[in-house]
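A quick write-up on the structure given underneath.
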Amino acid sequence: MSQDDKILLRGMVFYGFHGATAAEQEVGQRFVVDLEIQLDVSRAGRSDSIEDTVSYSHLYKATKDILEGPRRKLLENVAESLAHSILGQFDIVSVMVRVKKPEVPMKGSILDYAAVEIFRQR
């Protein structure tokens, strides 16, 4: 197995109702998610069969289910829930989850985004 094999999904955008304030949970906002999935893709590389890898569509749906699902207060909880879901659903070695909040409501701030990035493995 190659320890360097990865599937990357970058810049997935969802509208969710996560945030520490009641206003964030009422109005909602955009969230941008990046995933880095570590797994051995050599078998899929040889077979050219989707059954020998992890479907990008299934990873996207798992992400959508969390980001567009129940309200959460913290990005940390969103990221942890997503990592736990992906590790539970797919035969992978590890997952890196990055959840970005582009319109973070901080008075007087100018920034591209606030984010949480976590790495979890089996």
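The values are calculated or read from the model by the stated rules, or taken from the named source; none is laboratory data. Keep in mind that what you see is a predicted model, and the values were worked out from it rather than measured. Here the Cβ positions follow ideal geometry from the backbone for every residue, glycine too, while neighbour counts run over all protein chains shown.
Odds and ends about this structure:
- All conditions in (1) under 16 Å from Tyr15 (Cα atoms); (2) out of contact with any Lys or Arg (no Cβ under 7 Å at 6 or more places or on another chain); (3) not in a helix (DSSP H, G or I); (4) not aliphatic (A, V, I, L, M) hold for Tyr60, with the sole exception of (3).
- The set of residues from the range 11-51 being of a type in the set (A, V, I, L, M, F, W, C), assigned to a strand (DSSP E or B) and surrounded by 13 or more Cβ atoms within 10 Å (Cβ to Cβ) comprises Met12, Phe14, Phe31, Val32, Val33, Leu35, Ile37.
- The residues of the range 74-112 that are more than 25 Å from Gln38 (Cα to Cα) and out of contact with any helix residue (DSSP H, G or I) (no Cβ under 8 Å at 6 or more places or on another chain), listed by number, are Leu74, Pro102, Glu103, Val104, Met106, Lys107, Gly108, Ser109, Ile110, Leu111, Asp112.
- Glu51 in contact (Cβ under 8 Å) with a residue 12 or more places away in the chain and either closer than 30 Å to Glu26 by Cβ or more than 9 Å from the chain's Cα centre (by Cα) (or both): no
- Of all residues in the range 100-122 being of a type in the set (Val, Ile, Thr) and surrounded by 14 or more Cβ atoms within 10 Å (Cβ to Cβ), the one that is farthest from Gln25 (Cα to Cα): Ile118
- Residue match in the range 62-69 (condition: at pLDDT 95 or above, surrounded by fewer than 18 Cβ atoms within 10 Å (Cβ to Cβ), charged (D, E, K, R) and touching a helix residue (DSSP H, G or I) at 6+ places or on another chain (Cβ under 9 Å)): yes
- Evaluating Ile7 against the criteria (1) buried (at least 17 other Cβ atoms within 10 Å of the Cβ); (2) within 19 Å of Pro70 (Cβ to Cβ) leaves one unmet condition, (2).
- Scope the range 70-99; condition loosely packed, with under 14 Cβ neighbours inside 10 Å, acidic (Asp, Glu) and in a helix (DSSP H, G or I); matching residues: Glu76
- For Val41, the stated conditions hold: it is within 12 Å of Ile7 (Cβ to Cβ) and among the hydrophobic types (A, V, I, L, M, F, W, C).
- Near pairs, Cβ below 7 angstrom, 6+ apart or cross-chain, from the range 80-107 (at pLDDT below 95) to any residue that is in a helix (DSSP H, G or I): Pro105/Glu24
- For the range 54-80, a residue qualifies if it is closer than 19 Å to Arg120 by Cα and of a type in the set (S, T, N, Q), and the qualifying residues are Thr63, Asn77.
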